[in-house]
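Structure record follows, encoded as structure tokens.
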Amino acid sequence: MTSTTTAPPTHRDTSPARRVSSFLHAHPGVRLTLLLTAPLTWLGVVYIVALALLLVTAFWSTDSFTGDIDTSFTLENIVSLFTESLYQTVTLRTLLVAIAVTAIDVIVALPIAFYMAKVASPRTKRMLMILVLMPLWASYLVKVYAWRSVLAENGLLSWLVAPVGGDTPGYGVTATIIAISYLWLPFVILPIQAGMERVPDSLLEASSDLGARSWRTLFSVVLPLAVPAIIAGTIFSFALTLGDYITVRIVGGTSQMLGNLVYDNVGAANNLPLASAIALIPIAIIFLYLFIVRRSGALNNL
């Protein structure tokens, strides 16, 4: 006589956590929505709402006697930006500094990025990547004050150029361009290097087989394909320079940029509406630049 054993019944987990997990597994769209809700909400509240408030505040005014903000609509601040020479001069200076910094960073970044992407061995590439990223580990202020020491009258640069009869640029626009170019260089190298990584090695080999020299291959093959990556790098340096105000206060001497005017009007002048109006200038320039480069594919390299 044989005996049969009955397997104990399995109890299906019906806890709330299990049901929620099963529902999310069966509905990937809901899972993605929940995943993106928090960061998108944070972005909307902190950035988009802040920009909207900035735009609204630019059309207010400040009472010159009491310092109170008048929330009635006025174009006084906007008219001042277009009519007063101070804002025109500072805007032009800021734009020229941003263009100069971007041009310098691209010129310096191109050979470094090309060597990292197409020439260096894997070990050398890792070492170069560490060297490129290492300045980002240091504090912004530490790097700027280091440049202040280098550019000082009795600083390191003066000690190096004195034997050949040279002199330091001192504190001013030139010093500002040098310091900011150093600060944003890693942000230009990395997108360009990533873009050059996408250039097929077969194209370089075909160019060499056709008799092209290295420089001809670089300018005729690599650079045209890397233009979107180069533009992506310029977005970083150009935008970050437009909004900078700390570097020019430390090494710029008496020079001012748009960021300084915003800072001064928020602090000492206590004129928040005018500061908001001034802040719209770099924002408008950046949006115009992004609109121009939108069709180049550069934004895909960010």
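Before moving on, here are some points about what is shown:
- By other beta-carbon atoms within 10 Å, ranking Tyr47, Tyr171 with the fewest at the front produces Tyr47, Tyr171.
- Paramagnetic label reach from Ser220 (point 7 Å along Cα→Cβ; backbone nitrogen cut-off under 19 Å): within region 173-202, residues 199-202.
- Gained length - Leu55 relative to Arg198, 0.36 nm times residue gap less alpha-carbon distance: 47.5 nm
- Total charge dipole magnitude, the chain, about the Cα centre, Cβ charges on Lys, Arg, Asp, Glu only, Debye to nearest 20: 1360
- Projecting the Cα atoms of Phe187, Tyr263, Leu203 onto the charge dipole of the chain, computed from C-beta unit charges around the Cα centre, puts Leu203 farthest toward the positive end.
- At R0 = 41 Å, FRET efficiency that the Cβ-Cβ distance of Asp63 and Tyr145 yields, to 0.05: 0.60
- Residue-averaged [θ]222 nm for the chain, counting only DSSP H segments that reach four residues, each worth -39500 (n - 2.57): -21000 deg cm²/dmol
- Across region 41-114, C-alpha contacts under 8 Å between residues 6 or more apart give a mean separation that, scaled by the residue count, equals a relative contact order of 16 percent.
- About its Cα centre, the dipole of region 120-230 is roughly 220 debye, where the only charges are +1 on Lys and Arg Cβ and -1 on Asp and Glu Cβ.
- Fewest-first ranking of Ile292, Ile246, using other Cβ atoms within 10 Å as the exposure measure: Ile292, Ile246
- Note on the chain: dipole from Cβ charges, positive end direction compared against Leu223, Thr57, Leu240; the farthest Cα belongs to Leu223.
- Residue order, fewest to most beta carbons within 10 Å, for Glu153, Glu197: Glu153, Glu197
- Semi-axes of the equivalent ellipsoid for region 140-241, Cα gyration tensor, largest first, Å: 37, 19, 10
- Cα gyration tensor, the chain - rounded (a/c under 1.5), prolate or oblate: oblate
- FRET efficiency for the pair Leu32 and Ala284, taken as 1/(1 + (r/R0)^6) with r the Cβ-Cβ distance and R0 = 35 Å, rounds to 0.55.
FYI, it's all coordinate maths here, none of it is from the lab. Fair warning: this is a prediction, and the values are worked out from it, not measured in the lab. All Cβ positions, glycine included, derive from the backbone under ideal geometry; neighbour counts span all protein chains shown.
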